[in-house]
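Student: So that we are looking at the same thing, I have put the structure below in structure tokens.
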Amino acid sequence: MPTLLEDAYINSQVASYPVSILEDHAIAVDATYYLHLQLDSQPSEPLLSALGGVTGIQSRIENDLNQWQANNVIPFFIFDGQNLKGQDEVNIRRAREGIAQTDRAWEQYFNGQADAAVQSFGENTNAFHPHNFYRLLQGILKERKLHFLVAPFNAAAQIASFDMTDSDQVGGVMGSVELLMYPINDCVIRSIDWETRTVRAVSKTHLLSVLNVTDHTFVDLMLMAGTSFLPAFPALTDGNIIKNQPSNINDALNILRVARKDVTQVCITFADTLKAQDPNWLDKYRKARMLVDHFTYIKENGEITVHNYDTLTQDNYEYLGLSLPPEMFHYLNTGLIGPRILNPITHAFTQAEASKKQTSASMEVLPTLDGTVSPEYRKLVTQQTPQIKEAALSLVVARLHRAFLHSTVTMGVWFDRDFKRKLWDFKNQGPYLEQWKSWRVSAEVVEKLFPDFVHGSIFSEVLALEKPEFVATTFSQKDKKVKNLSSDLIKSFSIWRFLHIRGYVDNKHELTSWGKALSQALTALQPTAKRYWKVPHLYESIIVALELVRFDLLNAKNKHEELRGLPMHGSEDDQLSLLLISRCACLLKLRHESYGYTGPLSKSLLAFRSLTSEVRAADRDLVEAILASTFMAAQADRRKDANWELGNSLPFHFDPDVSLGIAVKTFFDEINPNDPEMAKKKKNFPSSYIPYATAFPEDLEIACEFFKAIYAGIKALPQSELSANDQAVWEKAAKYLEARA
């Protein structure tokens, strides 16, 4: 399984059972593990890490869930919540290993070894984390009326709690080998083969017997072998010590026996290895061990509980993190918000910790798919998007207990492990909360002034601010509290507050220069959005485009010719124009059949996608912080049962792959100005380059109109916001497109 880091010894102990034993039972399923299985199933998506997305996973999930239903087995999916202490470090290590593998695949592709490159890409699908598919899977489950739960932290601990308490909710558990570390009754289902009607499962009792160890020692062995929150014991990954790599739990046992089954003694024995490879491993192990012994889960009555609470140490914040109020876990569990905005708060440093030199950070910027650390990427993640993340943190922390106000949130980056930046503390809260508080809009005013207002569309919210009589009614009043907002008004409030905090609206609630540019762009795109109303996320992609322009990223600069995949034909101006147009197209999605992508690749556009993904994620953090603050301030009815729908109706969770950008670049690179064979080439293009595209002529038209809409916004900007030289590049690109589209 390419996406899973499995233990060969444990897998050798798996036994098969008839699927009939699961009939009429609910099975608690680790959603991350399940998505790993789907990514590894056939037909596979070998170019996942080369494109930044997949085309067929939804149909595979749908087909698999049909089999669960046909066999009268109910899946109860449990999703990971917040990160555990140490999880970011492990994710970074694994992702960097994945980058090294994809670099080899790219080299093969550049050298014309297409088949070998596809195979190499396919061997490294773990570069794309299954968490990226959470919303997709949750949406499918919602449509099928299948219940799911988001755990406070890791899904494995939550699933184990069902088994530990003999819950009536589930009749079995399915997940990764990490489930075996927790106090489960016995078997962990590893896979279900519906065709052969067999279930593969491993028994914890059997493992303890064949290894001849106690449960306590078994947990140590699992931790030494490496988990999702603790790197493997360095000696186990050393080929000079363990000849057969990757090592397994039996190798860990052989090492542990030498030291009388004491992990501290093992670390003393291999002190030189630890000093050279991971000097702090013992400290990490001790925290990981405490995490397993004191895991957090949701009880059946809804209470957030720590296992073995009575023996919890006073310094538990060092391994469990700071304890958030149950209200935040409720918003996480019901899908109102995701864990990204909570992670850095939970893992913030207390004043005592902040005064010491830290080897870790409250939050980490994780590796990109392309692995490129360009100057513009470095500036983006260390200087530009931290401003957005600071605003998000300010809104949420201000609503929490005063103790959180005296914590410090730091940020690290995957490409420089010595880099640490203070992201938030009580001395640096900014104007964001006051901007958030300044909004008050009544439903009656909206209905009166805008009969066709579409809440959450972005288009309606922006254009409403062009009407002075509406703007005058949008200010908060001390004697009139905002409360009991409808879901529709919550959507609009969230967008207005976002636009204000991001500088598209000023303190008078009037559109700024960038706000007016946004309005022009949205207005220019409206006919296309109406014509192709089934194509979602067009308006939010306009905001992303302008955010990228503001950060000096959406332009024809920074070609990075070493990454290949650039336009090749025409003059230099033509190539730069097409580069800009194709970058704009990367913000949209190519509609595609449920088959693996077969077409050209571009590492250059993949690197650009890393920039757009970082901006989208930061903007999404801010939107979720605004939404959470709305609920925490009692402006919304917290008893409503539509949190998931509300959270997912707001922008910036859409993160498309680069296939449309590649298709647009490839198509126009073969087109001459006023080409008489344009219609013929457009008709024949999909079968030659992207045979499984379902609506390329429409997608091409949408991409062209999308570019024109952005350009309409660019033209509205004064030169004080965007230089004449930068605007001239957009003008040339518009003329390039006009001669070919």
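Student: With a 1.4 Å probe and all protein chains kept in place, how much accessible area does VAL445 have, in Å² rounded to the nearest 10?
Tutor: Looks like 40 Å² after rounding.
Student: In the chain, what percentage of the DSSP-assigned beta bridges are antiparallel, given to the nearest 5?
Tutor: Taking every DSSP beta bridge with both residues in the chain, the antiparallel ones total about 60 percent.
Student: Run the numbers on the chain and let me know its relative contact order in percent, using alpha-carbon pairs under 8 Å that are six or more apart.
Tutor: Worked out over the chain, it gives 14 percent.
Student: Moving on to the next point. Looking at the square roots a ≥ b ≥ c of the eigenvalues of the Cα gyration tensor of segment 528-599, which shape do they give, rounded for a/c under 1.5, prolate if a/b is larger than b/c, or oblate?
Tutor: Verdict is oblate for segment 528-599.
Student: Would you mind listing how long segment 594-667 runs along its three principal axes, going by Cα atoms, in whole Å with the largest first?
Tutor: 51, 26, 16
Student: Here's a follow-up. So what's the angle, to the nearest 10 degrees on a 0 to 90 scale, between helix 696-715 and the longest Cα principal axis of the chain?
Tutor: 70
Student: Between 0 and 90 degrees, rounded to the nearest ten: what's the tilt of helix 572-585 against the longest Cα principal axis of the chain?
Tutor: The answer is roughly 60 degrees.
Student: Ok, one more. Strictly greater than 22 Å: what percent of every Cα pair in segment 14-158 meets that?
Tutor: 49
Student: Please calculate the 1.4 Å probe accessible area of GLU123, with all protein chains present, and give it to the nearest 10 Å².
Tutor: For GLU123, the solvent-accessible surface is approximately 100 Å².
Student: If you don't mind, there's one more thing I want to ask. Which of the pairs LYS422/LYS708; LYS379/LYS478; LYS680/LYS708; LYS389/LYS640; LYS145/LYS708 have their Cα atoms more than 31 Å apart in this structure?
Tutor: Check vs 31 Å cut-off fails for LYS422/LYS708; LYS379/LYS478; LYS145/LYS708.
Student: Okay, moving on. Amide H neighbours of VAL505 under 5 Å, counting only residues 5+ apart in sequence or on other chains, H built in-plane at 1.01 Å?
Tutor: It is HIS500, THR512, by chain and number.
Student: Measure nothing fancy, just the Cα-based angle from helix 538-550's long axis to the longest principal axis of the chain, in degrees from 0 to 90, nearest 10.
Tutor: 90
Student: Here's something else I'd like to know. Which whole-Hz couplings ³J(HN,Hα) result when phi for each residue of segment 285-298 is put into the Karplus expression 6.51 cos²θ - 1.76 cosθ + 1.60, θ = phi - 60°, listed in order with x for Gly and Pro?
Tutor: Going residue by residue, I get 4, 4, 5, 5, 4, 5, 5, 6, 5, 10, 6, 9, 8, 9 Hz, with x marking Gly and Pro.
Student: What accessible area, in Å² to the nearest ten, does a 1.4 Å probe give for SER687?
Tutor: About 90 Å², ignoring ligands and nucleic acids.
Student: Would you mind checking the radius of gyration and Dmax of segment 348-445 based on alpha-carbon positions, in Å?
Tutor: 16.3, 55
Student: In terms of modelled amide H atoms, which long-range or inter-chain residues lie less than 5 Å from the amide H of CYS187?
Tutor: Answer set, sorted by chain and number: LYS204.
Student: With the calculation restricted to Cα positions, what are the radius of gyration and Dmax of segment 198-259 in angstrom?
Tutor: Answer for segment 198-259, Rg first and Dmax second: 12.5, 41 Å.
Student: From the mean inverse distance of alpha carbon pairs (Kirkwood) and the Cα radius of gyration, derive Rg over Rh for segment 111-217.
Tutor: 1.07
Student: Continuing with this model, one more query. Counting other Cβ atoms within 10 Å of each Cβ, which trypsin sites (Lys or Arg not before Pro) in segment 180-249 have at most 13 and sit in a DSSP loop?
Tutor: Filter output for segment 180-249: ARG197, LYS243.
Student: Going by amide H atoms built from the backbone, whose H comes under 5 Å of the H on ARG440, apart from near neighbours?
Tutor: Placed amide hydrogens put PHE475, SER476 under 5 Å from ARG440.
Student: Would you mind working out the magnitude of the charge dipole of segment 1-147 relative to its Cα centre, with +1 at each Lys and Arg C-beta and -1 at each Asp and Glu C-beta, to the nearest 20 Debye?
Tutor: The calculated dipole for segment 1-147 is roughly 360 debye.
Student: So with the 1.4 Å probe, I'd like the accessible area per residue for segment 635-706, rounded to whole Å².
Tutor: That works out to 44 Å² for each residue.
Student: Just in segment 635-681: which GluC sites (Glu not before Pro) are loop by DSSP and have at most 16 other Cβ atoms within 10 Å?
Tutor: GLU670, GLU677
Student: For segment 404-474 and segment 536-556, what is the centre-to-centre distance using only Cα atoms, to the nearest Å?
Tutor: Result: 18 Å between the Cα centres.
Student: Give the carbon-plus-sulfur fraction of the accessible surface of segment 532-649 in %, rounded to a whole number; probe 1.4 Å, heavy atoms of protein chains only.
Tutor: About 49 percent, which is the carbon plus sulfur part of the accessible surface.
Student: Would you give the gap between the C-alpha center of segment 139-169 and the C-alpha center of segment 665-686, rounded to a whole Å?
Tutor: 51
Student: Would you mind working out the accessible area per residue for segment 25-65, using a 1.4 Å probe, and quoting it in Å²?
Tutor: Normalised by residue count, the accessible surface of segment 25-65 is 24 Å².
Student: Let me ask another. Please compute P(r) over all alpha-carbon pairs of segment 607-741, binned at 5 Å starting from zero, and give each bin as a whole-number percent.
Tutor: 2, 8, 13, 14, 15, 14, 11, 10, 7, 4, 3, 1, 0
Student: Sticking with this structure for a sec: Please report Rg (one decimal) and Dmax (integer) in Å for the Cα set of segment 112-156.
Tutor: Considering segment 112-156 through its Cα atoms, Rg and Dmax are 16.4, 48 Å.
Student: Something else about it: Which value does Rg/Rh take for the chain over its C-alpha atoms, Rh per Kirkwood?
Tutor: With Rh from the inverse mean 1/r over Cα pairs, Rg/Rh is 0.97.
Student: Based on alpha-carbon atoms only, what is the radius of gyration of segment 256-344 relative to the globular estimate 2.2 N^0.38 Å?
Tutor: 1.44
Student: Follow-up question, since we're still on this one. Sort 478-485, 578-585 by packing, meaning the average of other beta carbons within 10 Å per residue, with the highest value first.
Tutor: 578-585, 478-485
Student: Suppose every K and R has +1 on its Cβ and every D and E has -1 on its Cβ; what is the size of the dipole of the chain about the Cα centre, in Debye to the nearest 20?
Tutor: It works out to roughly 1480 debye.
Student: Separate question: Assuming a viscosity of 1.567 mPa s and a temperature of 4 °C, what translational diffusion coefficient in µm² per second does Stokes-Einstein assign to segment 537-652, Rh being the Kirkwood radius over Cα pairs?
Tutor: Stokes-Einstein gives a translational diffusion coefficient of 77 µm²/s.
Student: How large is the dipole of segment 145-193 about the Cα centre if only Lys and Arg carry +1 and Asp and Glu carry -1, each at its Cβ, rounded to the nearest 20 debye?
Tutor: I would put it at about 200 debye.
Student: A follow-up question, please. Set the Förster distance to 30 Å, then compute FRET efficiency between ASN301 and THR264 from the Cβ-Cβ distance, nearest 0.05.
Tutor: 0.15
Student: Report the Stokes-Einstein translational diffusion coefficient (µm² s⁻¹, integer) for segment 297-383, Rh taken as the Kirkwood radius over Cα pairs, at 25 °C with viscosity 0.890 mPa s.
Tutor: Rounded, D is 154 µm²/s.
Student: Quick one: what are the phi-derived ³J(HN,Hα) couplings along segment 492-499, Karplus 6.51/-1.76/1.60 with θ = phi - 60°, whole Hz, x for glycine and proline?
Tutor: Per-residue couplings from phi come out as 5, 4, 4, 6, 4, 5, 4, 4 Hz.
Student: Over segment 676-734, with every protein chain in place, what whole percent of the accessible area is carbon and sulfur at 1.4 Å, could you tell me?
Tutor: Heavy-atom surface of segment 676-734 belonging to carbon and sulfur, 1.4 Å probe: 48 percent.
Student: Next question, about the same structure. Please calculate how many Å² of accessible area segment 106-195 carries per residue, with a 1.4 Å probe and no DNA, RNA or ligand atoms counted.
Tutor: 40
Student: While we're looking at this one, here's another question. Carbon-plus-sulfur fraction of the accessible area of segment 156-272, 1.4 Å probe, in percent?
Tutor: Roughly 45 percent of what the probe reaches on segment 156-272 is carbon or sulfur.
Student: Order these peptides, 249-255, 494-500, by their mean beta-carbon neighbour count within 10 angstrom, highest first.
Tutor: Ranking the peptides 249-255, 494-500 by packing returns 494-500, 249-255.
Student: Could you order the peptides 646-654, 11-19 from most to least packed, using the average number of other C-beta atoms within 10 Å per residue?
Tutor: Answer by packing, highest mean first, reads 646-654, 11-19.
Student: Another question about this same structure. Which values, in whole Å and largest first, are the semi-axes of the equivalent ellipsoid of segment 182-309 obtained as the square root of 5 times each eigenvalue of the Cα gyration tensor?
Tutor: Listed largest to smallest, the semi-axes of segment 182-309 are 28, 21, 14 Å.
Student: Here is a further query. Going by the alpha-carbon gyration tensor, a ≥ b ≥ c the square roots of its eigenvalues, is segment 44-125 rounded (a/c under 1.5) or, if a/c is not under 1.5, prolate (a/b greater than b/c) versus oblate?
Tutor: oblate
Student: Please list log₁₀ I(q)/I(0) at q = 0.18, 0.21 Å⁻¹ for segment 444-586, using the Debye equation with identical point scatterers on the alpha-carbon positions.
Tutor: -1.09, -1.35
The values are calculated or read from the model by the stated rules, or taken from the named source; none is laboratory data. In this text, all values refer to a predicted model and were calculated from it rather than measured experimentally. Using ideal geometry, Cβ is built from the backbone for each residue, glycine included, and neighbour counts are taken over all protein chains shown. Please note that ligands, DNA and RNA were not included when accessible areas were found on the heavy atoms of the full protein model with its side chains. Shrake-Rupley method; radii C 1.70, N 1.55, O 1.52, S 1.80 Å.
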